[in-house]
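Enquirer: Have a look at the structure that comes next, please.
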Amino acid sequence: MSVEQGQELFSILNVFSFGFGVKTFLILFLVFYAVFAFVLYIQIAQMSKKLPTSIDPSLKFIGFIHLGVSLAFLFISLGILL
């Protein structure tokens with residue numbers, strides 16, 4: 001590897017700063033968390049159909065609130081970070 005190639009590689013690495021990495025990680029984490037909350041809500045709905053209990057409305061409400069809060073965090077962070 002010549003000196004010019006090393007300088008070229010180093011200049012490419014300067015484009016990606018620490019802040020960019022943190023923002024990317026945070027956004028990806030929140031996207032995956034929102035997907036997890038959606039899957040959890042679907043599982044609660046399926047469980048309620050197959051095994052009805054007296055606490056089904058409470059569980060569905062908690063699952064819906066959890067999904068809403070995760071989406072709110074995602075959209076707020078997208079608005080702030082981008």
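Only the coordinates and a few stated rules stand behind these numbers; no lab work does. Keep in mind that what you see is a predicted model, and the values were worked out from it rather than measured. Using ideal geometry, Cβ is built from the backbone for each residue, glycine included, and neighbour counts are taken over all protein chains shown.
Enquirer: Compute the length gained on full extension between L71 and K50: take 0.36 nm times their separation in residues and subtract their Cα-Cα distance, giving the result in nm to one decimal. If you can, show how the numbers build up before the last one.
Expert: On the way: separation 21, 0.36 × 21 = 7.56 nm, distance 2.71 nm.
Full-extension gain reported as 4.8 nm.
Enquirer: Between S58 and V31, what is the FRET efficiency for a Förster distance of 25 Å, r being their Cβ-Cβ separation, to the nearest 0.05? Provide the component values of the computation, followed by the final result.
Expert: Values: r = 28 Å, r/R0 = 1.11.
Taking R0 as 25 Å, the efficiency between S58 and V31 is 0.35.
Enquirer: Lys and Arg at +1, Asp and Glu at -1: add these up for the other residues within a Cβ distance under 12 Å of A45 and post the number.
Expert: Numbers: positive: K49, K50, K60; negative: D56.
Net of charged neighbours comes to +2.
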